[in-house]
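A.B. asks: This is the structure I want to talk about, given as structure tokens.
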């Protein structure tokens, strides 16, 4: 009977996936605000850290759904800089949980490479303990050649800090830049998401309808979807509900997105973005970030 139940569940799951694919407009990039871990723990009489652990486990399910649906990029808000204000026990528990998960990533290198998953961590990782910085850097380096699914983990992150770091990057590396080179387009290239397209869909759980300082620069043409389900309780049907909402909204917003892409291209064309100065600066930025990553990945 259990086998029959599992068989029928898989059949319904496959059918639902096919129906969604038939609707077209599959998002290329989804961002998740995984909210509700602590409330879930409280409802189940668990410790807070156990709620966060259940949340990390649920992320694996969501990644499988995204792969099955053909979604190419996932960005998830795992740890906000604001989280440092929580109790010392909870913060330490979250950092220990991150250590455990990144160590597991290193052990599953072959599996990640087989599925083509690339790990990228966006955030101010310099605020993290050195051993965790090294684990994060190693996870990014060992998967950097993969390209089937990009998993961007926002860790030690807020949008305001991201924008501040972008300005500091220009001040630190932009000695050759002219004042006229510095504009919206250049600043965008200095964000953590330099090589990442904006999310098509932002999916937030737990009933909260806030952005919470997450990807605020990048969300100008993103469709927002909020659901009351707590993150550790999310299932395929909740996930597909968000995809359906995206498909309906995208019919109305498709022309708007095309216009935004056109404006973005024009901003680059009629600025100094393609000048040799700016291109040298961007190359040096990529080289600098790569060297920092390699240095961290080889540290003990």
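A.B. asks: I'd like to know if region 203-212 contains one or more residues that are at pLDDT 95 or above, exposed (fewer than 14 other Cβ atoms within 10 Å of the Cβ) and closer than 20 Å to residue 61 by Cα.
C.D. replies: No: zero hits.
A.B. asks: Can I ask one more? Name the residue, out of 110, 133, 103, that is in contact (Cβ under 8 Å) with a residue 12 or more places away in the chain and farther than 22 Å from residue 164 by Cα.
C.D. replies: 103
A.B. asks: Quick one: which of 203, 214 is assigned to a loop (DSSP other than H, G, I, E, B), closer than 24 Å to residue 42 by Cβ and under 14 Å from the mean Cα position of the chain (by Cα)?
C.D. replies: 214
A.B. asks: Moving to a separate point now. Can residue 154 be described as assigned to a helix (DSSP H, G or I), touching a strand residue (DSSP E or B) at 6+ places or on another chain (Cβ under 6 Å) and in contact (Cβ under 8 Å) with a residue 12 or more places away in the chain?
C.D. replies: For residue 154, the condition - assigned to a helix (DSSP H, G or I), touching a strand residue (DSSP E or B) at 6+ places or on another chain (Cβ under 6 Å) and in contact (Cβ under 8 Å) with a residue 12 or more places away in the chain - is not met.
A.B. asks: Condition check: in contact (Cβ under 8 Å) with a residue 12 or more places away in the chain and over 20 Å from residue 67 (Cα atoms). Does residue 94 satisfy that?
C.D. replies: Here the answer is yes, as residue 94 does meet what is asked.
A.B. asks: Restricting region 261-276 to residues that are exposed (fewer than 14 other Cβ atoms within 10 Å of the Cβ) and part of a helix (DSSP H, G or I), which is nearest to the chain's Cα centre (by Cα)?
C.D. replies: Filtering region 261-276 for residues that are exposed (fewer than 14 other Cβ atoms within 10 Å of the Cβ) and part of a helix (DSSP H, G or I), the one nearest to the chain's Cα centre (by Cα) comes out as 261.
A.B. asks: Check 279, 283 and return the single one that is loosely packed, with under 11 Cβ neighbours inside 10 Å, assigned to a helix (DSSP H, G or I) and modelled with pLDDT of 90 or more.
C.D. replies: That would be 283, the only listed residue that is loosely packed, with under 11 Cβ neighbours inside 10 Å, assigned to a helix (DSSP H, G or I) and modelled with pLDDT of 90 or more.
A.B. asks: For region 62-89, enumerate the residues that are surrounded by fewer than 16 Cβ atoms within 10 Å (Cβ to Cβ) and in contact (Cβ under 8 Å) with a residue 60 or more places away in the chain.
C.D. replies: Result: 82, single match.
A.B. asks: If we scan region 29-41, do we find a residue that is loosely packed, with under 13 Cβ neighbours inside 10 Å and within 23 Å of residue 151 (Cα to Cα)?
C.D. replies: Within region 29-41 (the criterion being loosely packed, with under 13 Cβ neighbours inside 10 Å and within 23 Å of residue 151 (Cα to Cα)), the answer is no, since none of the residues qualifies.
A.B. asks: Among the candidates 243, 229, which residue alone is in contact with a helix residue (DSSP H, G or I) (Cβ under 9 Å, 6 or more places away or on another chain), under 27 Å from residue 12 (Cα atoms) and in a loop (DSSP other than H, G, I, E, B)?
C.D. replies: 229
A.B. asks: Just to verify a result, which residue in region 116-145, among those that are in a loop (DSSP other than H, G, I, E, B) and more than 16 Å from the chain's Cα centre (by Cα), is farthest from residue 195 (Cα to Cα)?
C.D. replies: Residue satisfying both the conditions and the ranking: 129.
A.B. asks: It is to be established whether one or more residues within region 262-276 are on the phi < 0 side of the Ramachandran plot, touching a strand residue (DSSP E or B) at 6+ places or on another chain (Cβ under 6 Å) and modelled with pLDDT of 75 or more.
C.D. replies: Within region 262-276, not a single residue is on the phi < 0 side of the Ramachandran plot, touching a strand residue (DSSP E or B) at 6+ places or on another chain (Cβ under 6 Å) and modelled with pLDDT of 75 or more.
A.B. asks: Based on this model, can you work out whether residue 92 counts as surrounded by fewer than 18 Cβ atoms within 10 Å (Cβ to Cβ), under 26 Å from residue 162 (Cβ atoms) and touching a helix residue (DSSP H, G or I) at 6+ places or on another chain (Cβ under 7 Å)?
C.D. replies: So residue 92 fails the test.
A.B. asks: Restricted to region 179-195, and to residues that are farther than 17 Å from residue 220 by Cα, assigned to a loop (DSSP other than H, G, I, E, B) and touching a helix residue (DSSP H, G or I) at 6+ places or on another chain (Cβ under 7 Å), which residue is modelled with the highest pLDDT?
C.D. replies: Per the criteria, the residue is 190.
A.B. asks: Right, next: Which one is farthest from residue 66 (Cα to Cα), of the residues in region 113-124 that are without any contact (Cβ under 8 Å) to a residue 40 or more places away in the chain and either in contact with a strand residue (DSSP E or B) (Cβ under 9 Å, 6 or more places away or on another chain) or surrounded by 14 or more Cβ atoms within 10 Å (Cβ to Cβ) (or both)?
C.D. replies: 121
A.B. asks: Additional query: Among the listed residues 56, 32, 102, 79, identify the single one that is modelled with pLDDT under 95, under 15 Å from residue 154 (Cβ atoms) and under 20 Å from the mean Cα position of the chain (by Cα).
C.D. replies: 56 is the lone residue from the list that is modelled with pLDDT under 95, under 15 Å from residue 154 (Cβ atoms) and under 20 Å from the mean Cα position of the chain (by Cα).
The values are calculated or read from the model by the stated rules, or taken from the named source; none is laboratory data. In this text the structure is predicted, and so the values were computed from the model without any measurement. Reconstructed Cβ throughout: ideal geometry from the backbone, glycine too, with neighbour counts over all protein chains shown.
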